[in-house]
Amino acid sequence: MPTTKIIVLDDDPTGSQTVHSCLLLTRWDVATLEVALADSAPLFFILTNTRGMSAERASAVTREVCRNLKQALTGTDIHPIFVSRSDSTLRGHYPVETDVMTEELGPFDAHFLVPAFFEGGRFTRDSVHYLRSGGKEIPVHETEFARDSVFGYRHSYLPDYVEEKTRGRIKAASVKRFLLADLRAGVHKPLLELNGNACVVVDGETQDDLNRFAADLLKVAANGKRFLFRSAASLLTALAGLPPQPVPAAAMAKYIRAGKPGAVIVGSHVPKTTSQLQELLKLPQVAPIEVDVQRLPQDYAVLLADALKRAAVMHDAGRTPVIFTSRAERSFPDQAARLAFGEQVSGFLMDVVRGLPKTLGFLIAKGGITSNDVLSHGLALRTARLLGQILPGVSVVRCPPDHARFTDMPVVIFPGNVGDDTALATVCQRLIGITATNQT
């Protein structure tokens, strides 16, 4: 009997925030994919980081992954379910990535948009996607995310969003809608009737809504229907049957290396991250190290040497350095210039990660693209095993035992838009508290 494996192409590394015990891949050569396909977990993530790329580059990377996947799957007894995991606030290269996946891995009977992410307060009702914030339910087109300079949009009503993003290729009137009442009554029969890569948008107010949807869907898929998904993290919990797994303090105490202080790398510039950073810097156990990105690239070497020297001094003094980029907004002539500068800043932060003290106890990476680059470039991990969540929506992985510099070190993957204003401070304080206990 074929084995079902959920294969997730994740456009940044935060899509694993609602599951546990699976592999995250930062490489997608055939040999690495074969390792993941043979793993016992029901799903794995390929961290493509395409949200930080141009549409052309995102298309090329997605195509390369798909072609390698086809080769790795050849001769196996695996029934794959393909997911394009993206942001729950509707930012990302849609339909670029799903178009490429359809060309390379299709044909599909339908592709689904399922953006609900309950831990982050994102849900969909009557095909309108909302953000719950400050006790209010805000249609996402009214939030700052819709004004993103690269991935902006005008609609929260998902059929209209589809028509907008496909530039009219898929008309809103042709988009099929699975509403809450449909999910709760069962969608087995409507799923059977889908064909021709129909576009379907799916409601979800609670995890149970998506669990019901996934149960019907898996039955239909087992009988030969082929579907593609563009989703946020909560659907993955339902498809894989792996609920979030909190990592208790006792376990974290076991993982922190030699009871040593850690470090925090903050690259994300979204308002929530800035608010969380302000709260974090109030902790007496941390030491701020601000990187003035306005001085890049001309003062690259000077800034790097200064940041690493200060981080080493603070580490030796038993404090946790917080290395963060300056918060001032910078304007760019076009999207390409913005993306290029973002890559330059991230490259600088990864040089910081590579030069942090070898005795570092833990590392927190704040921001989706920052987290991806920490795993794939700063730490140069080929794969990482997901331990679980230290807070809802905030995952922990661990460096492998053969890592050249940071053997077995826990790494917290902290998305830019998750948690309240004190969440980053809470995570850091928890780890620092464990460190202090271990040192007594």
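Would you confirm whether any residue within segment 80-101 is in a loop (DSSP other than H, G, I, E, B), under 21 Å from Pro2 (Cα atoms) and not β-branched (Val, Ile, Thr)?
No, every residue in segment 80-101 fails to be in a loop (DSSP other than H, G, I, E, B), under 21 Å from Pro2 (Cα atoms) and not β-branched (Val, Ile, Thr).
Conditions tested, residue by residue: (1) closer than 30 Å to Ile369 by Cβ; (2) open to solvent by 10 Å² or more (accessible area, probe 1.4 Å); (3) modelled with pLDDT under 95.
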| position | (1), (2), (3) |
| --- | --- |
| Tyr94 | yes, yes, no |
| Met101 | yes, no, no |
| Asp109 | no, yes, no |
| Gly134 | yes, yes, yes |
| Val162 | yes, no, no |
| Leu183 | no, no, no |
| His188 | no, yes, no |
| Leu192 | no, yes, no |
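Quick one: in segment 266-306, which of the residues that are basic (Lys, Arg) and within 29 Å of Gly433 (Cα to Cα) is farthest from the chain's Cα centre (by Cα)?
By that ranking, first place goes to Lys282.
Tally up the residues in segment 51-63 that are open to solvent by less than 40 Å² (accessible area, probe 1.4 Å) and either more than 29 Å from Ala337 (Cβ to Cβ) or assigned to a helix (DSSP H, G or I) (or both), please.
7
Under 8 Å between Cβ atoms, at least 6 apart or on separate chains: pull out the pairs that start in segment 388-405 with a residue that is free of Cβ contacts under 8 Å to residues at least 60 places away in the same chain and charged (D, E, K, R) and end on any residue that is open to solvent by 40 Å² or more (accessible area, probe 1.4 Å) and outside any strand (DSSP E or B).
Arg405/Arg354; Arg405/Lys358
Of all residues in segment 386-399, count the ones that are in a loop (DSSP other than H, G, I, E, B) and either open to solvent by 40 Å² or more (accessible area, probe 1.4 Å) or touching a Leu at 6+ places or on another chain (Cβ under 7 Å) (or both).
Here the count works out to 2.
When you go through (1) touching a helix residue (DSSP H, G or I) at 6+ places or on another chain (Cβ under 7 Å); (2) more than 28 Å from Phe406 (Cβ to Cβ); (3) not in a loop (DSSP other than H, G, I, E, B) one by one for Phe324, which number turns out not to apply?
(2)
Out of all the residues in segment 294-329, which are modelled with pLDDT under 85, loosely packed, with under 12 Cβ neighbours inside 10 Å and not aliphatic (A, V, I, L, M)?
Answer for segment 294-329, where residues must be modelled with pLDDT under 85, loosely packed, with under 12 Cβ neighbours inside 10 Å and not aliphatic (A, V, I, L, M): just Glu329.
Can you name the residue in segment 1-50 that is polar (S, T, N, Q) and over 29 Å from Pro392 (Cβ atoms) and, of all such residues, is most open to solvent (accessible area, probe 1.4 Å)?
Filtering segment 1-50 for residues that are polar (S, T, N, Q) and over 29 Å from Pro392 (Cβ atoms), the one most open to solvent (accessible area, probe 1.4 Å) comes out as Thr3.
For segment 111-131, name all the residues that are under 24 Å from Ser16 (Cβ atoms) and either open to solvent by 40 Å² or more (accessible area, probe 1.4 Å) or hydroxyl-bearing (Ser, Thr, Tyr) (or both).
Phe118, Glu119, Thr124, Tyr130
Cys66 is checked against (1) free of Cβ contacts under 8 Å to residues at least 24 places away in the same chain; (2) farther than 26 Å from Leu158 by Cα; (3) in a helix (DSSP H, G or I) and fails just one. What number does that condition carry?
Exception for Cys66: condition (1).
Of all the residues that make up segment 9-52, how many are farther than 21 Å from Leu242 by Cβ and either out of contact with any helix residue (DSSP H, G or I) (no Cβ under 7 Å at 6 or more places or on another chain) or modelled with pLDDT of 95 or more (or both)?
7
Give the residue that is farthest from Thr50 (Cα to Cα), with candidates limited to residues of segment 374-385 that are out of contact with any Pro (no Cβ under 9 Å at 6 or more places or on another chain) and outside any loop (DSSP other than H, G, I, E, B).
Only one residue tops the list, namely Gly378.
Name the residues in segment 346-382 that are buried (at least 19 other Cβ atoms within 10 Å of the Cβ) and of a type in the set (Val, Ile, Thr), would you?
Answer for segment 346-382, where residues must be buried (at least 19 other Cβ atoms within 10 Å of the Cβ) and of a type in the set (Val, Ile, Thr): Val352, Val353, Ile364, Ile369, Thr370, Val374.
State whether the residues of segment 172-194 include one that is in contact (Cβ under 8 Å) with a residue 60 or more places away in the chain and within 22 Å of Ser16 (Cβ to Cβ).
no
The values are calculated or read from the model by the stated rules, or taken from the named source; none is laboratory data. All values derive from a computational prediction rather than experimental measurement. Cβ: placed from backbone, ideal geometry, glycine included. Neighbour counts: every protein chain shown. Ligands, DNA and RNA are excluded from the accessible area calculation, which covers all protein heavy atoms including side chains. Shrake-Rupley method; radii C 1.70, N 1.55, O 1.52, S 1.80 Å.
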